[in-house]
Ligand SMILES: CC(C)(COP(=O)(O)OP(=O)(O)OC[C@H]1O[C@@H](n2cnc3c(N)ncnc32)[C@H](O)[C@@H]1OP(=O)(O)O)[C@@H](O)C(=O)NCCC(=O)NCCS
């Protein structure tokens, strides 16, 4: 099913394309702009995170998970070509007709301009076109800014929740949300 997901999508202000290896350093720099990630999720990005996504994929914990079903997508401003963010997608997790997002990030200087909503809308439309029934994400409950974004984007059905023991600053809870597409 992933093969029907087209490589390039345009929105009013963005061009969304498959990320390529030459963008690796720039994408990793965008990762570093998420300066409160450790506070939200308990750990920063690994230095080689983007390279790993591009070479091996960030695959879900299922037997037979394959890089073939994984995509890293770059968001470029149409006007200037500037790279401002990215997301990934795994086609077929946890169900065959679910597209799963494990990361979605807009560079800090370009947040609060509506680019994130514009990108997720386009990705949702493309997932519908490709035959998916839903999109899923996992978000840490300390990430209120992220939660607010996902809820506003229509990810409102809870399909799972887990929490660490204790209430300390190093304890975290993760919620899995889906957006029904049809
Ligand atoms: C979560 C994240 C992707 C949201 O990005 P964003 O670009 O700020 O999100 P939005 O497109 O929804 O815009 C946010 C706000 O800007 C406002 N805004 C400002 N100018 C706007 C414009 N021109 N058009 C539309 N909205 C605009 C929106 O109304 C919205 O405000 P609200 O939340 O009070 O309703 C971003 O904060 C981020 O990358 N965070 C770090 C990574 C992360 O947490 N990812 C999610 C978990 S994986």
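The figures follow:
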{"item": "Those residues of region 123-148 which are within 22 Å of residue 42 (Cβ to Cβ) and surrounded by fewer than 19 Cβ atoms within 10 Å (Cβ to Cβ), in sequence order", "result": "138, 140, 141, 142, 144, 145, 147, 148"}
{"item": "Residue 179, sole failed condition from (1) out of contact with any helix residue (DSSP H, G or I) (no Cβ under 8 Å at 6 or more places or on another chain); (2) farther than 26 Å from residue 28 by Cα; (3) assigned to a strand (DSSP E or B)", "result": "(1)"}
{"item": "Residue selected from region 99-122 under the condition more than 8 Å from the ligand (Cβ to nearest atom) and surrounded by fewer than 21 Cβ atoms within 10 Å (Cβ to Cβ), by the criterion nearest to residue 31 (Cα to Cα)", "result": "109"}
{"item": "Counted residues, region 56-89 - those being farther than 16 Å from residue 116 by Cβ and part of a strand (DSSP E or B)", "result": "3"}
{"item": "Residues that are touching a residue at least 40 places away in the same chain (Cβ under 8 Å), outside any loop (DSSP other than H, G, I, E, B) and either within 17 Å of residue 89 (Cβ to Cβ) or out of contact with any helix residue (DSSP H, G or I) (no Cβ under 9 Å at 6 or more places or on another chain) (or both), drawn from region 32-52", "result": "39, 41"}
{"item": "Answer residue from region 7-26, given it is over 17 Å from residue 78 (Cα atoms) and touching a helix residue (DSSP H, G or I) at 6+ places or on another chain (Cβ under 7 Å) and is surrounded by the most Cβ atoms within 10 Å (Cβ to Cβ) among those", "result": "24"}
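Since every read-out is calculated from the coordinates, none of them should be taken as a lab result. All of these numbers come straight from a predicted model, not from anything done at the bench. Methodologically, a virtual Cβ is constructed for each residue, glycine included, from the backbone with ideal geometry; neighbour enumeration extends over all protein chains shown.
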